[in-house]
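Presented below is the structure to which this report refers.
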Amino acid sequence: MSFSRFENGGRIDRSRPIGFSFDGKRLEGFAGDTLASALLANGISLMGRSFKYHRPRGLTSGGASEPNALVTLGDGATREPNLRASMVALREGLVAESQNRWPSLGFDVGAVNQMLSPFLGAGFYYKTFMWPASLWEKLYEPLIRRAAGLGRASHATDAQAYEKRWAHCDLLVIGSGPAGLMAALAAARAGAGVVLCDENAGFGGRLLKDRVEIGDADGPGFAASLIAELASSPNVRLLSTTTVFGAYDSGVFGAVERRDGAESGPAQRVWRIVAKRAVLAAGAEERPLVFGGNDRPGVMMASTMRGLLNAQAIRPGDHVAVFATGPSGHETARDLVKRGLEVTVLDTRAAIPAPELAASDGARLLKGHVVADALGGKAVTGVDVVEPASGKRETIKIDALAMAGGWSPVVGLACHRGDKPVWDEGTGMFLPPKERDGLSTAGSAAGVLDLAGCLKSGAEAGARAASDLGFKPRKAEIPVVREVCGGSTGFATLWHVAEAKGKAFVDFQNDVTVSDLGLAVREGYGHVELAKRYTTTGMATDQGKLSNVNAIGILAESRGLTPDQVGTTTFRPFYTPVSIGALAGAHRGAQYRPVRRSPLHGWAEKHGAVLIEAGAWMRASHFPREGETDWKQACDRETLAVRARVGISDASTLGKIDLAGRDAAKFLDLIYTGKMSTLAIGKARYGLMLREDGLLMDDGTVSRLAGSHYLITTTTAAAAEAMAHLEFCAQALWPELDVRLVSVTDQWAQITIAGPQSREVLARIVDADLSADAVPFLAVREVALHSGLAARLFRISFSGELAFELAVPARHGAAVADAIMEAGEPFGIVPYGLEALNVMRIEKGFITHAEIDGRTTPGDLGLARMVSSTKDDFIGRVMLSRAGLQCEDRAQLVGLRPVKPAHRILAGAHLLMPGTDPSMANDQGHVTSACWSPHLNSTIALAMLKRGRERQGESLMVWDGLRGIETEVTVGSPVALEGAGEGAAMSGRAVEPVVAQAPGTPDWLGAAGTIVADQVTLSQLPDAPVCLVSGPLAKAAAVRRVAKAGDGLVRKLQPGQALAVGDAGESFAALAERLGAPDGLSLCDLSDARVRFSLSGPAAADIIATQSGIETRASVFKAGASAPTLFGHVPVQLTRLGGDSFEIMAFATYAQDLAHSLTRAIALSH
Amino acid sequence: MASLITCPHCGIRPKEEFSIRGDARPVRPAPEAKFAAWDAYVHSRDNVRGVMEEHWQHVGGCRRWLVVERNTLTHDVHGVTDAADYTRARAASASRAGTKGRVANATKRRGNI
């Protein structure tokens, strides 16, 4: 008789049948089943095939440690391999498949490996398949890899949603068995914030599986009353199907919550739990016994069989044998006998404590016996039993075999920080190391095996944690327990059965046998770490949860040592496998990283731009017109139009840094190679920043807006690095300087108008004299548009043409760009993108980060004149003077033209003397940038060439081995296209002004401007002015005081910097006036740089926890509290407006991204 | 790397909010210092096993540069100070010692264990 289900009993709900399938077969189970119990109820005990020998396998430990019953769930995009059938709660429509078999689980061709087993012993792949060596990579390894292994991952994109969330608590309790429940309750009653995790679907651990009496309740009843109390405590969070997978420093724990079959929300959620204290109450694993055929389906742990019997009414057959070394075997026998089955108990011990004997009364008992071999094929059918003392053998026919080899505390998480478990010879167990960083152990995880002891140990651990944190726990009342087997807990240690004839498995999942370990010792790999790698014991998905202790015992025995001398391997996260998707959370696909959108993003889209990812931004690459079939046509057209007439492009992505403070000029002199302190008000200057090692970091401009008020621009690519560098210089190198730095990149839409007719176009927009005398090259002007809008005008060029950059507050960007298009229409204005911009700068020999590549100096790029020789200090000055950076032998910037103008050159190609072989020794330099110049009708390139400046006119070969290009080029000046510059003077035609429209408010959350869910509402807050108040550190208090005058809240950024927010509809000027900052403080308008959202409702804090690790418990983050933090990868200022209402102030260029993340999080929160 | 850092301005935050620059002990030499001092400042770093002081920036928070004293072996964090305070304090102690921030002094101490 095989496995089946009793007609009655168990904790399943027989009124709720559940349909599922296994290997295509339709089956039925009940609510309360796991996939494993439902399969057994259907008579299916063969659940998988083993890793190496493809042996038939069934349920073995039935918990997190299950090594054999591994299945694949789902198909296509939701397919997930290697799930433990014992950890999968049954749900309607579940589709499960067995693994590692072909063509079927019942008939598996791979089982031939069993016959080959003499060749497949430990480390076989190091020895057997050595010759010929060339076959290893091509034949042996692919074959072995294919034959071995577990389930296969899906190749489809994972369709499931994942979430990550932070949780902060006083006490984390891991495991909800008797000890865990008592620990959680003791701390919760004292008022501590508690998180209780259990990896099973229900809370209670073994209380749900064993027949025990606690007070006047049974196990499940007692557990239910405790859980009910915990669930009703507002300071407790209960997380079921949640495995704590790692214990990290600072009291941070990682946990994964599986939400299989959940109607809504994420499929899995990764928790990062910050706990001041933690109690590990993960229980103990029952130890397998190592005898021949111990892996046959139907052989399982005694506690597993007992649990299935009591919780799911699983009937293991008519006749069951129990192989015991301690009380668990007798307890299982008791429960089986009570259910009317025929039971034979084989106990290794000659003397068995009376309470155990009393428990298993009714079973046939063979004292001093061992099971030498389990017989059978796809299911166990009998056992060969030996009495070692006499050598007497007997074969008994059975349907199932339970094994009780003692217990191994689950100590993994207590060892993740580097400590080792401690061997206790008296009990025969590895016990957890002593408490560390607030993590203690309780219950069986601490080696306490009796129920009363577990309850007490848990209650004490919980109370101790609470009292450590200043709570006042009451003394716990421990209910009276009627102990099974009279509280007898000791067991005999039996590492393996010497009388075994068949394969005796130590590690089921990796098919490692006793003889493999013996081989490892004989061949010199007896050290525990070496034996692990040689035999693979303790590897794969179960990480040796069942096998490690036996393996150590066997190694100890064969080396003549004790287990503590052998020691354990290293425990590391992850405790159980966690899918990559869960760890990635929301950050994949388009949300892999945040994308900044320029204020002209929508404008560019409207004009048909092809937007590409460029660094942190989406930028317009080109603006194709109808009939253009590739980007190059559009690029050529745009380039020609700008040089001949006029074009408009978006320069908003450049890094823009507002610099103020008494020592601003001095600071600039220390940062830049040139002397910036001589810059006149209303002028801009090009500058170079070096790293301290003398190499170029970035280039850009400095504009002096007022006395000690400057605007720094950086390249788009290096904006973040440059800002961090400037902050480092200001804060860490020269804290005595009064400088205030703030990024204003988001505040301004910066529009380039370039081309000979740019002045005439701009004259229709800007209400000012734009003549070359009034606005000379490198002039900076505060101007008004014809619409009255205040703007900044820079006469700067990156195309070599006459050009202006017009900066307007970000929200006006699109409207002003529209007005410029209208104004330029009679002139044939075109929008142009990055490609055209690149062509024009290469034509003029202007550099970007293709040339500033971390290896070049100003001199290399022909910019030596920009390095001041009079300043006694600036970053990089000393190291730049090194001989190696000054010698004439260095690569220098040159221009290249191919002899055949149409020949293509690409960046990255190398330069060679004609007739020389491509080799490092012959290398002359490399191409940094290349393009097609429609003006010169030729490919042109910039390159770094050894002693390049003196080699003008020389012929070289461009060699591009990667792309198969080889072409002859002539070396020339980096400036390929001379001339241009001042552009046309005003034609004298009457100027017809174009007035830019007033902008609308962008709806980041759609037209409704709000996202409403059950427990939370997200809305965009009305426009209000935002002002950064800054001052020297010494005036930090004054800064806060001034900022508070806005709306009464101080949004503190850092000492000496705070944000003030005005009233809805108020102008910035009015707010600035109202703030009334005293001398020495600066105000900076960030009204267009920030977007404010409000998030409110009972679930608001949970939504925030999906984005940020900041603790928002009201006791810590009080009403009016405000702090800068990261939401995902996006910086925000978070403010508690009161109760469960928060303000999230985001950078405007990230607003779209943030709105998306918050909307997604809310959608998943249902 | 430590999982949590207590920013002196913002409180306890996950490490993801910070970026790390490296050893905070080397002091930028005076402009007129010998080349060897500059060479040591720019290029020479100890690979510390144990306690070291590092420059971290709370780039996802207040954007202040901090000095984090941490144990590279155990991840324990022993203290976090604002970099400006750190620089000032060291300059003060250097001038008290009469060494005027000489590099030799600054690079001498290493909290190896």
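The values are calculated or read from the model by the stated rules, or taken from the named source; none is laboratory data. Treat the numbers as computed from the prediction; the structure is a model and nothing was measured. With ideal geometry, Cβ positions are generated from the backbone for all residues, glycine too; neighbour counts draw on all protein chains shown.
If you go through the range A:216-268, how many residues are within 14 Å of another protein chain (Cβ to nearest Cβ) and not in a strand (DSSP E or B)?
Going through the range A:216-268 one residue at a time, the tally reaches 4.
Kindly provide the set of residues from the range A:447-462 that are in a helix (DSSP H, G or I) and either surrounded by fewer than 24 Cβ atoms within 10 Å (Cβ to Cβ) or acidic (D, E) (or both), ordered by number.
Passing the criteria: A:A452, A:G453, A:K456, A:E460.
Please give the strands (runs of 3 or more DSSP E) falling wholly within the range A:1064-1166 in which 2 or more residues are touching a helix residue (DSSP H, G or I) at 6+ places or on another chain (Cβ under 9 Å) and either aliphatic (A, V, I, L, M) or away from chain B (no Cβ under 14 Å) (or both).
Counting at least 2 such residues, we get A:1082-1085, A:1090-1096, A:1130-1138, A:1141-1147.
Please specify each residue of the range A:253-269 satisfying the condition of being hydrophobic (A, V, I, L, M, F, W, C) and within 21 Å of A:Q543 (Cβ to Cβ).
A:F253, A:A255, A:V256
Please work out if A:S919 is over 23 Å from A:T714 (Cα atoms) and in a loop (DSSP other than H, G, I, E, B).
Spelling it out, A:S919 is indeed over 23 Å from A:T714 (Cα atoms) and in a loop (DSSP other than H, G, I, E, B).
If a residue has to be closer than 18 Å to A:G862 by Cα and aliphatic (A, V, I, L, M) to count, how many in the range A:936-978 make the cut?
Counting residues in the range A:936-978 that are closer than 18 Å to A:G862 by Cα and aliphatic (A, V, I, L, M) gives 9.
Tell me, which residue of the range A:726-740 that is in contact with a strand residue (DSSP E or B) (Cβ under 7 Å, 6 or more places away or on another chain) and touching a residue at least 40 places away in the same chain (Cβ under 8 Å) is farthest from A:D658 (Cα to Cα)?
A:A730
Do you know which residues across the range B:68-78 are surrounded by fewer than 23 Cβ atoms within 10 Å (Cβ to Cβ) and either within 11 Å of chain A (Cβ to nearest Cβ) or at positive phi (or both)?
B:N71, B:L73, B:T74, B:H75, B:D76, B:V77
Give A:E851, A:E843 a once-over and let me know the one that is touching a residue at least 60 places away in the same chain (Cβ under 8 Å), in a helix (DSSP H, G or I) and of a type in the set (D, E).
Going through A:E851, A:E843 in turn, the sole match is A:E843.
Per-residue answers, yes or no, for (1) touching a Leu at 6+ places or on another chain (Cβ under 9 Å); (2) at positive phi; (3) at pLDDT 95 or above; (4) within 14 Å of chain B (Cβ to nearest Cβ):
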site	(1), (2), (3), (4)
A:F827	no, no, yes, no
A:Y832	no, no, yes, no
A:V839	no, no, yes, no
A:G845	yes, yes, yes, no
A:T856	yes, no, yes, no
A:V878	no, no, yes, yes
A:L885	yes, no, yes, yes
A:V894	yes, no, yes, no
A:P901	yes, no, yes, no
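Among the numbered criteria (1) surrounded by 17 or more Cβ atoms within 10 Å (Cβ to Cβ); (2) more than 7 Å from every other protein chain (Cβ to nearest Cβ); (3) acidic (D, E), which single criterion is violated by B:E17?
(2)
Looking at the range A:269-286 only, could you name the residues that are out of contact with any Pro (no Cβ under 9 Å at 6 or more places or on another chain) and either part of a loop (DSSP other than H, G, I, E, B) or buried (at least 21 other Cβ atoms within 10 Å of the Cβ) (or both)?
A:R269, A:V270, A:W271, A:I273, A:A275, A:R277, A:A278, A:V279, A:E286
Scanning for something within 14 Å of chain B (Cβ to nearest Cβ) and more than 35 Å from the chain's Cα centre (by Cα), does the range A:1038-1053 turn up at least one residue?
Among the residues of the range A:1038-1053, at least one is within 14 Å of chain B (Cβ to nearest Cβ) and more than 35 Å from the chain's Cα centre (by Cα), which makes the answer yes.
Does A:L956 fit the bill of being surrounded by fewer than 11 Cβ atoms within 10 Å (Cβ to Cβ), modelled with pLDDT of 90 or more and either among the hydrophobic types (A, V, I, L, M, F, W, C) or in the same structural domain as A:A784 (by TED's automatic domain parsing) (or both)?
Considered against the rule, which asks whether it is surrounded by fewer than 11 Cβ atoms within 10 Å (Cβ to Cβ), modelled with pLDDT of 90 or more and either among the hydrophobic types (A, V, I, L, M, F, W, C) or in the same structural domain as A:A784 (by TED's automatic domain parsing) (or both), A:L956 comes out as no.
Only one of these conditions is not met by B:V51: (1) closer than 30 Å to A:R436 by Cβ; (2) facing another protein chain (nearest Cβ under 8 Å). Which number is it?
(2)
Of the residues that make up the range A:524-536, is at least one under 23 Å from A:A69 (Cα atoms) and in contact with an Asp or Glu (Cβ under 9 Å, 6 or more places away or on another chain)?
yes
Look through A:S408, A:S390 and report the one residue that is buried (at least 21 other Cβ atoms within 10 Å of the Cβ) and not charged (D, E, K, R).
Checking each option against the conditions leaves just A:S408.
Report those helices (runs of 4 or more DSSP H) wholly inside the range A:77-193 carrying at least 2 residues which are outside the structural domain of A:I214 (by TED's automatic domain parsing) and at positive phi.
none
The rows are residues; the columns are (1) in contact with a Gly (Cβ under 7 Å, 6 or more places away or on another chain); (2) charged (D, E, K, R); (3) without any contact (Cβ under 8 Å) to a residue 60 or more places away in the chain.
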{"position": "A:G307", "(1), (2), (3)": "yes, no, no"}
{"position": "A:G329", "(1), (2), (3)": "no, no, no"}
{"position": "A:V337", "(1), (2), (3)": "yes, no, yes"}
{"position": "A:E356", "(1), (2), (3)": "no, yes, no"}
{"position": "A:S360", "(1), (2), (3)": "no, no, yes"}
{"position": "A:R364", "(1), (2), (3)": "no, yes, yes"}
{"position": "A:H369", "(1), (2), (3)": "no, no, yes"}
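Check whether at least one residue in the range A:711-722 is without any contact (Cβ under 8 Å) to a residue 12 or more places away in the chain, within 10 Å of chain B (Cβ to nearest Cβ) and of a type in the set (G, A, S), and report yes or no.
No: zero hits.
Working carefully through the options A:V761, A:V702, A:V742, find the one that is in contact with a Cys (Cβ under 8 Å, 6 or more places away or on another chain) and either away from chain B (no Cβ under 14 Å) or part of a strand (DSSP E or B) (or both).
Answer to the check: A:V742.
When you go through (1) out of contact with any Pro (no Cβ under 8 Å at 6 or more places or on another chain); (2) away from chain B (no Cβ under 14 Å) one by one for A:W748, which number turns out not to apply?
A:W748 satisfies all of (1) out of contact with any Pro (no Cβ under 8 Å at 6 or more places or on another chain); (2) away from chain B (no Cβ under 14 Å) except (1).
Restricting the search to the range B:20-48, which residues are without any contact (Cβ under 8 Å) to a residue 40 or more places away in the chain, within 8 Å of another protein chain (Cβ to nearest Cβ) and closer than 17 Å to B:R90 by Cα?
Listed by number, the list holds a single entry, B:R28.
If you scan the range A:1035-1054, which residues turn out to be assigned to a loop (DSSP other than H, G, I, E, B) and out of contact with any Cys (no Cβ under 8 Å at 6 or more places or on another chain)?
Answer for the range A:1035-1054, where residues must be assigned to a loop (DSSP other than H, G, I, E, B) and out of contact with any Cys (no Cβ under 8 Å at 6 or more places or on another chain): A:A1045, A:D1047, A:G1048, A:L1049, A:V1050.
Determine whether A:A201 is at pLDDT below 95, touching a helix residue (DSSP H, G or I) at 6+ places or on another chain (Cβ under 6 Å), surrounded by fewer than 23 Cβ atoms within 10 Å (Cβ to Cβ) and in a loop (DSSP other than H, G, I, E, B).
So A:A201 fails the test.
Of everything in the range B:54-64, what is within 7 Å of chain A (Cβ to nearest Cβ) and touching a residue at least 40 places away in the same chain (Cβ under 8 Å)? Give them in sequence order.
B:V59, B:G60, B:G61, B:C62, B:R64
For the range A:649-699, which positions are more than 42 Å from the chain's Cα centre (by Cα) and assigned to a strand (DSSP E or B)?
Result: A:K683, A:A684, A:R685.
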